[in-house]
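Peer 1: Got a structure for you, written out below as structure tokens; questions coming shortly.
The values are calculated or read from the model by the stated rules, or taken from the named source; none is laboratory data. The structure presented is a predicted model; accordingly, all values stated were derived computationally and were not measured. Positions of Cβ are generated from backbone atoms using ideal geometry, with glycine treated the same way; all protein chains shown enter the neighbour counts.
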Amino acid sequence: MSTFDLIDHTIEAYCEAHTSPESELLYRLNRQTNLETVNPRMISDQLQGQFLTFISKMLRPERILEIGTFTGYSALCLAEGLTATGELHTIEVNVEYEDRIRKYFSQSPIEKQIILHIGDALQVVPKLDMTWDLVFIDAEKEDYMSYYEAVLPSVRKGGFILADNVLWNGKVVQEAVGNDRDTRAILAFNDHIQNDRRVRNLLLPFRDGIMIIEKL
């Protein structure tokens, strides 16, 4: 259980009960991730998955970039809003997840629109010569600033970046101690976005915090 609960668990359960359910594919992926991976809490849950799907469907993006695939749940949610000719490119550094990711992507009706890249995002992103309508960042916290600066030039004007875990289990409002580099990185990232005149932003106290960033 989290040591810092933004929302009472009974309220969260009520929200889940009044949110459209996962698809059968997402349900199976969610269950297997929880049963078979070391850090299952890294997966987007039903609420966050539906949030990502709603954002994507409202934007109807032609090109989506995801940094941090994990087992593929969030990618499948985001891909639901793609145009008929759109593509989602998702980057995962951990090669051990590749077979599981491809297994579930292959079961999606829009499999051919989802492109998986295995490697370091900071090396992969510069090779993708595309303009992004929507970017989702959910990978190494120490590298959030680097991811952001790497992708922002390629985000179209009026396009959006979503950054997950920006409340970092509540540690952003606690004193960062010792060598807690992840917390310090998130604090620096949040401050940087707040002061970046190239964008406007909204930090939502949703799940572990999502920063919504619009490129001006």
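Peer 1: Can you say whether R156 is surrounded by fewer than 17 Cβ atoms within 10 Å (Cβ to Cβ), touching a residue at least 40 places away in the same chain (Cβ under 8 Å), outside any helix (DSSP H, G or I) and charged (D, E, K, R), as far as the supplied structure shows?
Peer 2: yes
Peer 1: Taking segment 41-52, which residues are outside any helix (DSSP H, G or I) and either in contact (Cβ under 8 Å) with a residue 60 or more places away in the chain or in contact with a Cys (Cβ under 9 Å, 6 or more places away or on another chain) (or both)?
Peer 2: Across segment 41-52, the qualifying residues are S44, D45.
Peer 1: Hey, another quick one. With respect to Y27, determine if the residue is more than 21 Å from D138 (Cα to Cα) and loosely packed, with under 13 Cβ neighbours inside 10 Å.
Peer 2: Judged against the criteria, Y27 is not a match.
Peer 1: Taking the residues in segment 175-197 that are more than 18 Å from D138 (Cβ to Cβ) and surrounded by 13 or more Cβ atoms within 10 Å (Cβ to Cβ) as candidates, determine which candidate is modelled with the lowest pLDDT.
Peer 2: Of everything passing the filter in segment 175-197, A176 is modelled with the lowest pLDDT.
Peer 1: Suppose we filter segment 63-87 for residues that are more than 22 Å from R31 (Cα to Cα) and surrounded by fewer than 24 Cβ atoms within 10 Å (Cβ to Cβ); how many remain?
Peer 2: 8
Peer 1: Now for a separate question. Can you tell me which residues in segment 169-189 are touching a Phe, Trp or Tyr at 6+ places or on another chain (Cβ under 9 Å) and not β-branched (V, I, T)?
Peer 2: Answer for segment 169-189, where residues must be touching a Phe, Trp or Tyr at 6+ places or on another chain (Cβ under 9 Å) and not β-branched (V, I, T): N169, G170, K171, Q174, D182, A185, L187, A188, F189.
Peer 1: So E22 passes all but one of these: (1) under 22 Å from L128 (Cβ atoms); (2) in a loop (DSSP other than H, G, I, E, B). Which condition number does it fail?
Peer 2: (1)
Peer 1: Also, I was wondering about something else. Exactly one of these conditions fails for V38: (1) more than 18 Å from F105 (Cβ to Cβ); (2) free of Cβ contacts under 8 Å to residues at least 24 places away in the same chain; (3) part of a helix (DSSP H, G or I). Give me its number.
Peer 2: Unmet for V38, out of (1) more than 18 Å from F105 (Cβ to Cβ); (2) free of Cβ contacts under 8 Å to residues at least 24 places away in the same chain; (3) part of a helix (DSSP H, G or I): (3).
Peer 1: Which residue out of E92, E140 is of a type in the set (D, E, K, R) and touching a His at 6+ places or on another chain (Cβ under 8 Å)?
Peer 2: None of the other options fit; the residue is E92.
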